[in-house]
Protein chains: 4
Amino acid sequence: MKRSSSSSEDVFAGVLARGGVAEQVSGRAWLQALLDFESALARAQAQAGEITAEQADEIAALCDADRYDVAEIGAGAAVIGNPAGAVVKALKAQTDAPVHKDATSQDAMDTAAMLVTKRALVPLLHDLRGAAAAAAQLAEAHRDTPIIGRTLLQHAQPTTFGLKAAGWMVGLDDAADHLHSVRLPYQLGGPAGTLNPAYKLDLSLDRPVLPWHTLRGRIGELAGALGVAAGAAGKAALDIVLLSQSEVAEVRERVGGGSTSMPHKHNPVAAVSALGCAKQAPGLVATLLAAMIQEHERGAGSWHSEWRPLTELLTVTGSAASWLRTSLETLEVDAEQMRSRADGDTGAAAQLVDRALGAR
Amino acid sequence: MKRSSSSSEDVFAGVLARGGVAEQVSGRAWLQALLDFESALARAQAQAGEITAEQADEIAALCDADRYDVAEIGAGAAVIGNPAGAVVKALKAQTDAPVHKDATSQDAMDTAAMLVTKRALVPLLHDLRGAAAAAAQLAEAHRDTPIIGRTLLQHAQPTTFGLKAAGWMVGLDDAADHLHSVRLPYQLGGPAGTLNPAYKLDLSLDRPVLPWHTLRGRIGELAGALGVAAGAAGKAALDIVLLSQSEVAEVRERVGGGSTSMPHKHNPVAAVSALGCAKQAPGLVATLLAAMIQEHERGAGSWHSEWRPLTELLTVTGSAASWLRTSLETLEVDAEQMRSRADGDTGAAAQLVDRALGAR
Amino acid sequence: MKRSSSSSEDVFAGVLARGGVAEQVSGRAWLQALLDFESALARAQAQAGEITAEQADEIAALCDADRYDVAEIGAGAAVIGNPAGAVVKALKAQTDAPVHKDATSQDAMDTAAMLVTKRALVPLLHDLRGAAAAAAQLAEAHRDTPIIGRTLLQHAQPTTFGLKAAGWMVGLDDAADHLHSVRLPYQLGGPAGTLNPAYKLDLSLDRPVLPWHTLRGRIGELAGALGVAAGAAGKAALDIVLLSQSEVAEVRERVGGGSTSMPHKHNPVAAVSALGCAKQAPGLVATLLAAMIQEHERGAGSWHSEWRPLTELLTVTGSAASWLRTSLETLEVDAEQMRSRADGDTGAAAQLVDRALGAR
Amino acid sequence: MKRSSSSSEDVFAGVLARGGVAEQVSGRAWLQALLDFESALARAQAQAGEITAEQADEIAALCDADRYDVAEIGAGAAVIGNPAGAVVKALKAQTDAPVHKDATSQDAMDTAAMLVTKRALVPLLHDLRGAAAAAAQLAEAHRDTPIIGRTLLQHAQPTTFGLKAAGWMVGLDDAADHLHSVRLPYQLGGPAGTLNPAYKLDLSLDRPVLPWHTLRGRIGELAGALGVAAGAAGKAALDIVLLSQSEVAEVRERVGGGSTSMPHKHNPVAAVSALGCAKQAPGLVATLLAAMIQEHERGAGSWHSEWRPLTELLTVTGSAASWLRTSLETLEVDAEQMRSRADGDTGAAAQLVDRALGAR
């Protein structure tokens, strides 16, 4: 084994940073997003005739994260209190073209945050919808498979496993739709938020009504939607963990893992890990909502308190979705075991499955 | 002064339970909502021919909160672990008609929660939109009033007070729109969530796709939207508190209060109280999101952990909106003082005011 | 049934405000604590010769909550933004003696908060220690009763039910010790926190080093300790809920309740309710910790955001402890059922039980 | 500039991971702590005669993080759901000596968590106490410097800047004492928590009464204490930010930074960054407290949800302390400006400064 090349690597990554999100929210991804802002700004200003096309090209050519050292930018962030300053400084060291013209560092930071989010939502929504699709397949396949309904963890009346899976599906679908609908605006307000965004940044982000340096409703909405997605994933994962209990044994993850001490054990590792990720979301949402109360035209600390929680919230929600998808896609269902505890008519449950699948 | 008639009255009500929301989420309001469920259920079942119209009438006639003692119902909630059981028992003591037929206590509780929410949102949105309207008026009146932009609480570049107010308005409007759009479904799933809602409850609530006893996405969305509304109110309130500082003195609440020790002081009581309310929201949102991870067909504790936080979240968000509205509606603006610190062109800011007002 | 006498009564009280804490944190209890401050202040000032003994007596005679209407004080709180102002005003209306001399409203509010806490901790700690004692009895009685150890909810290796109960006991004991050790100071700093507490208030509260109007470490510590207590109660409750599952059936609450729709069901109502209460704690702790960041000599909103969360946190932690105690005191253990799943040596587990009981 | 060697580096490090804590909680630090457990276990078992001294030596020789790739261990964590499994596997690939004998992966993980914490607390407490010492110096130097007391951000009565600084000092000292007093136990319970810790692990951690795989009181206490420390740091930072306002201008950070757009600005970067870090703590504490409610002998997700929040909480609290220390150590005080607003006797305030300094 080779020696680790960086002390910042994560010993938990395999559990807590699963799926494609981690790469989209990495230090490098943030750096690229910051550079993308500078590049888009220059191009927009060239189009508006405020700088020359050559200058814009020159700036854009420098906006490749591979040219920079993330750790160096990270260290440089200490100077003005955010990494955008370090990025601008690095660019200016290489060109005389008017980098970052008229903009403020928060323009770069907020736009980067939305770009990072937009890019992270691709794998996140992919896994969330993948999990929903796997749940839909289970719902269809087990439309009529009786299972005992459990309320307060006591046997109640029969339902079908299909209806249980349909519930997971509806929860995941709704969460994905909600998340997909959150508007992600770019930021371009200048030092005091008075810049009229005459030019639209070409970044596939929404154009805001006003500069939103201290109007953080979109981030609050996004946080809420991510929290709901994590909750929807956690709900399904909890059911799987409970159904996997030794005494219940109605489902089994094909990929389930062993333990360091008891190799014979078959733990529902995917569902457990999904829960481990999902449970981290509510506290992060609270931090982001608390951060909405910002001062005047630039938050003094509240703004800074958003960066890591947003990054973490995307990571844990994405990881939860990815683990849940794996769990659902590899779930072995013991219909006989289910049936053995559920005696009674389940026609209404089956009809609800049809209703839910039909509404998709 | 007369002796207090109840030990449960609230010494903080004037500060933390302001505006019309408190009455809509009171013990009595919850009781009425629980009764409204039973009444609507009976009527729907009469329409479906499952019980007679006479029976439904008889049940409906009993569904008036004035007939019951809230404290008694509250105490009775201990028996099965929720107040719906106590309500059903009280009804059954008075009639042989088939009360609560086919339903489970969570059907009553969840429907009541949504009814309470729907009713509480009326004054809450009224105050939120009232605050937005007051901000809009300030935006219009002070479209061109220069004020220094402050970033990290340092003087930056001039903007206009109108743009600051327009920002508050946009934040409040967006939050109100978001909150208004959250779907509030009734619940009717029966003991194991398998009841096909063949009959629609006539309660001006949405019809759910599936019973959602343990699919809490709507509550999570609602929580997020309330958190955003509280945050939007808190942002404006913080700006007002900061502008009211003795050293800044650019605005002044006409209703501002004194102190027990320094009667000459003029505190921005409304804005301070709005902040005091708004800051309670994020923790409550976190509790509601964490509660999404529920067991099988009925949450064992997670469900129970929603009732009070939802009630509190509606209360503090409504109170924040009410206080902010008062603050904004009584705000005295010292344009001269503002102008004295802001030197420079503010044309772009004024255009942004137009843009924001135009987009309303 | 009689009509409810107050709209502020709580339909959830039986579940979410159980045990003796609710009465100690009620509106009336807060009012009495506010009055106790004024009375203690007058007596201390009489002893210091600053007012006459007669004046102190006159003030003290008025400091009985039964003389006032909680709701009226609550409404009056709106005037200066806290109820202490309304209390002082009500006192001054009845006497010319120097009420509230040299003090500020936060002196009264903070001292009242600590008095309310001190009084609420009596039943809270009583129930927490009662629950620990019940767990200790189970630990002793089932020192050698084999039960399968469950990791990630899968069967692992045998342990004893006594060790499981000993774990609950240790968690509860530690939490109670920690909570008991938190210092609860009175407050007496005057308008700007410069009052030298020359006279000690005779209120069985600790004397602070400095006025702590905006130094909220004690409240933060208290919040953390309450959160830990709620967590310790929740851990035991979750185990009981899991052991009570229909498929597991190794314990059973004697008091367990039915349901509105399935009277035959035997739900672990006490443990479920304990969980429902405990799960509300973390969000409230977060609010109280966030409120530590206060402005200068008096928090502008942060302070106000403490009152309700502190009240709620005491309530839910006390209720969780009370419910858990009931659950543990009425727990029926099916040792045969436990034994049937646990095969192997459990001597080490039994020794750990001795160790834990011995360390008590 | 060279290309970044790792995509996991952090673009925010300079702001959000300041001071010595980051290195102590890095992936490499966690890996070393996991190895330290395995090494200490082997040595303890050699001493107990269960394995040979040679075997222990052989194992210990392998327990150097430099021999392994953090990212590889991180990826391997996915297999059983935690990195301890990957570490054990890597060790076993190199030796036939009995690695990890009798232990369970959570023994390694929990012990590592406490080791990481213990090591991170060194720089964290160093900076917290350094900040307190800087505050003490300010308290002494400005014992008599009048400053207007501000309540609800309005001028109230004079106090001294020394008393304000003494308040910061007391808050920081108390928080450091509290944090220092939290016991940090090792873990050694084996697969079902029944292992009698006959041998003490030589790791300068506390010996627990019982295995605490699902008794998370210590982690809850630790979380609360870190939250209080962050709050104490945040309180001082907020005062500095407010005193630095352009209109107030009573203090100034010597190291304050500029902006990308307005180089003339002098932002209180250290205090703002301290706030940005401190505000992330409450949500993380809530996550850790919520995670206390764990299942049976091993939490199914709750346990996993602790790792990152604990790491983050140490990081943000340490960073807040480090920034605050810098801010306080470089604070320029404009006594004239303070004096110009504060007219009146401040003798009592000065005496309180003496009292606070005397109690140190």
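Quick note: the coordinates plus some simple rules give every number you see, no bench work behind them. Values in this document were obtained by computation on a predicted structure and should not be read as measured data. Positions of Cβ are backbone-derived with ideal geometry, glycine not excepted, and every protein chain shown enters the neighbour counts.
Grab every C-alpha pair in the protein assembly as shown, bin the distances at 20 angstrom width from 0 up to the longest one, and report whole percents.
Once binned at 20 Å, the Cα pair distances of the protein assembly as shown give 11, 40, 38, 11, 0.
Kindly provide the trypsin sites (Lys or Arg not before Pro) of segment C:1-80 that DSSP labels as loop, not H, G, I, E or B, and whose Cβ sees at most 15 other Cβ atoms within 10 Å.
C:Lys2, C:Arg3
Work from the charge dipole of chain C (Cβ charges, +1 for Lys and Arg, -1 for Asp and Glu, about the Cα centre) and give the residue of C:Ser273, C:His180, C:Gly220 farthest towards its positive end.
Comparing the listed Cα positions along the dipole, C:Ser273 ranks first.
Quick check on my link table: of C:Lys279/D:Lys235; B:Lys279/D:Lys235; B:Lys265/C:Lys89; A:Lys101/B:Lys164, which ones sit more than 20 Å apart, alpha carbon to alpha carbon?
Numbers: C:Lys279/D:Lys235 28 Å; B:Lys279/D:Lys235 16 Å; B:Lys265/C:Lys89 17 Å; A:Lys101/B:Lys164 24 Å.
Too far apart for the 20 Å limit: C:Lys279/D:Lys235; A:Lys101/B:Lys164.
What trypsin sites (Lys or Arg not before Pro) in segment D:185-226 are in a loop by DSSP, with at most 15 other Cβ atoms within 10 Å of the Cβ?
D:Lys200
Hey, if you drop one equal point scatterer on each alpha-carbon of segment A:186-338 and run the Debye formula without solvent, what base-10 log of I(q)/I(0) do you get at q = 0.19 Å⁻¹?
Debye curve over Cα of segment A:186-338, log10 I(q)/I(0) at q = 0.19 Å⁻¹: -1.07.
For a quick check, take a GNM of chain B with Cα springs below 10 Å and name the residue from B:Ala198, B:Ala29, B:Ala175 with the largest mean-square fluctuation.
Comparing B:Ala198, B:Ala29, B:Ala175 in a Gaussian network model of chain B, the most mobile one is B:Ala198.
Mind checking the angle between helix A:53-62 and chain A's longest principal axis? C-alpha axes, 0 to 90 degrees, to the nearest 10.
50 degrees
Using a label point 7 angstrom from Cα along Cα-to-C-beta, what distances in nm, from shortest up, separate A:Arg339 from the other copies?
Spacings between copies for this position, smallest first, are 3.6, 8.6, 9.3 nm.
Where Rh is the Kirkwood radius over the Cα pairs of chain C, the temperature 20 °C and the viscosity 1.002 mPa s, what D in µm²/s does Stokes-Einstein return?
In µm²/s, the coefficient is 95.
In chain B, if the dipole is taken from +1 on Lys/Arg beta carbons and -1 on Asp/Glu beta carbons about the Cα centre, which of B:Leu62, B:Leu205, B:Thr317 is farthest to the positive end?
The listed residue farthest towards the positive side: B:Thr317.
Run the quick spin-label model on C:Ser181 and A:Thr330: label points 7 Å from Cα toward the beta carbon, then report their separation in nm to one decimal.
Result: 4.5 nm between the two label points.
Between helix D:281-290 and chain D, what is the angle of the helix's C-alpha long axis to the longest principal axis, kept within 0 to 90° and rounded to the nearest 10?
Compared with the principal axis, the helix lies near 40 degrees.
Calculate how steeply helix A:70-80 sits against the longest principal axis of the alpha-carbon atoms of chain A, using the helix alpha-carbon long axis, and give the answer as 0 to 90 degrees to the nearest 10.
60 degrees
Could you calculate the FRET efficiency of B:Ala93 with A:Asp206 from 1/(1 + (r/R0)^6), where r is the beta carbon distance between them and R0 is 56 Å, rounded to 0.05?
Working: r = 58 Å, r/R0 = 1.03.
The computed FRET efficiency comes out at 0.45.
How big is the dipole moment of the protein assembly as shown about its Cα centre under a simple scheme where the beta carbon of each Lys and Arg is +1, that of each Asp and Glu is -1, and everything else is neutral? Debye, nearest 20, please.
Value, rounded to 20: 0 debye.
For segment C:104-358, give the magnitude of the charge dipole about the Cα centre (Cβ charges: +1 Lys/Arg, -1 Asp/Glu; no others), in debye to the nearest 20.
Roughly 360 debye for segment C:104-358.
Based on DSSP, what percent of beta bridges with both residues in segment B:104-358 are antiparallel, to the nearest 5?
90 percent
Starting from the Cα gyration tensor of segment B:111-232, take the square roots of the eigenvalues, sort them a ≥ b ≥ c, and report rounded, prolate or oblate (rounded when a/c is under 1.5, otherwise prolate if a/b is larger than b/c, else oblate).
Note, shape of segment B:111-232 comes out prolate.
Across peptide B:102-113, how many C-beta atoms of other chains are within 10 Å of each residue C-beta, on average?
2
Using label points projected 7 Å from each Cα along Cα→Cβ, tell me how many nm separate D:Ala53 and C:Glu54, to one decimal.
8.9 nm
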